[in-house]
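Some notes on the structure that comes next.
The values are calculated or read from the model by the stated rules, or taken from the named source; none is laboratory data. Quantities reported herein were computed from a predicted structural model and do not represent experimental measurements. No Cβ is skipped: glycine too gets one built from the backbone with ideal geometry, and neighbour counts run over all protein chains shown. Just the protein is used for accessible areas: all its heavy atoms, side chains included, with ligands, DNA and RNA removed. Shrake-Rupley method; radii C 1.70, N 1.55, O 1.52, S 1.80 Å.
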Amino acid sequence: MSFNGAAVLVTGANRGLGRAFALEFARRGAKVYAGARNPASVVDEGVIPVQLDVTDDASVAAAAKELGDVSIVVNNAGVLIPGEGVDSIKAEFEVNFFGIVRTTDAFAPVLKANGGGTLVNVLSILSFLGRPAWRGYAASKAAAWSLTKSTREALREQGTNVIAVHAGFIDTDMAAAQTGPKISPEDVVSQVLQAIENGDEEVLADERTRAVKASLSS
């Protein structure tokens, strides 16, 4: 498919992977709505800043009402909060899980009205693994993976393809303190856009993620 002229919403588009998504869609000719809690933080030319707080029902509903031409939604907004106590875990779930619920429920009718389109959920290798230091983040991503599978079945009839994106460390601010191998945001974005074109349902963006997913059956 051609992205030229397609209307795309990317959540958390002001930095990191979200920004890479927004820039690449724009480079390919798409009309890009760059969602962020503070739209003034979206500074790139060629994208349209949109006020969008995925933890706020009213904000998400307002965006869905405003952006009636969207045919691709990238649920990218995510947080990893140091501390991993109850409060920080709740905050991670508010963005990483409930944020996807809100955006999906609000924009599914928009996608249906525009022919079905595509919903992309940015997940993690930690959808498959648990780590004591990141227990809340891992749990929220595992829950989001389960949600993605249910959403895929729910939206199949309306013609919406739902893609799960799993990756290890991506070279963004979130993984700045990590010393292991990292994949570039641009590489992840390239794979996801290819998956959209192919109608794929899953992206395993790096070798470690592919190995971990393959090991689940054993």
**Prompt:** Leaving out same-chain residues fewer than 8 places away, which aspartates and glutamates sit with a Cα under 18 Å from that of K149?
**Reply:** D105, E157, D200, E201, E202
**Message:** Show me the GluC sites (Glu not before Pro) within the stretch 111-218 that DSSP assigns to loop and that have at most 11 other Cβ atoms within 10 Å of their Cβ.
**Reply:** E157
**Proximal lysines relative to K182, as straight alpha-carbon distance under 26 Å, when same-chain residues fewer than 8 apart are discounted** = K141, K213
**Asked** Where only protein heavy atoms count, and the probe is 1.4 Å, what is the accessible area per residue for the chain in Å²?
**Response** 45 Å²
**Request:** Assign unit charges at the C-beta atoms only (+1 for Lys and Arg, -1 for Asp and Glu), then state the dipole size of the chain relative to its Cα centre in Debye, rounded to the nearest 20.
**Result:** 260 debye
**Prompt:** Can you pull out the GluC sites (Glu not before Pro) in the stretch 1-107 that DSSP calls coil and that have at most 10 other Cβ atoms within 10 Å?
**Reply:** E45
**Asked** Quick one: Cα centre-to-centre distance for the stretch 20-39 and the stretch 132-149, in angstrom?
**Response** 26 Å
**Request:** Using a 1.4 Å probe over the heavy atoms of the protein chains, calculate the carbon and sulfur portion of the accessible area of the stretch 86-127 as a whole percent.
**Result:** 62 percent
**Request:** Give the angle, between 0 and 90 degrees and rounded to the nearest 10, that separates the Cα long axis of helix 16-27 from the longest principal axis of the Cα atoms of the chain.
**Result:** 30 degrees
**Item:** C-alpha long axis of helix 57-66 to longest principal axis of the chain, angle in °
**Value:** 40 degrees
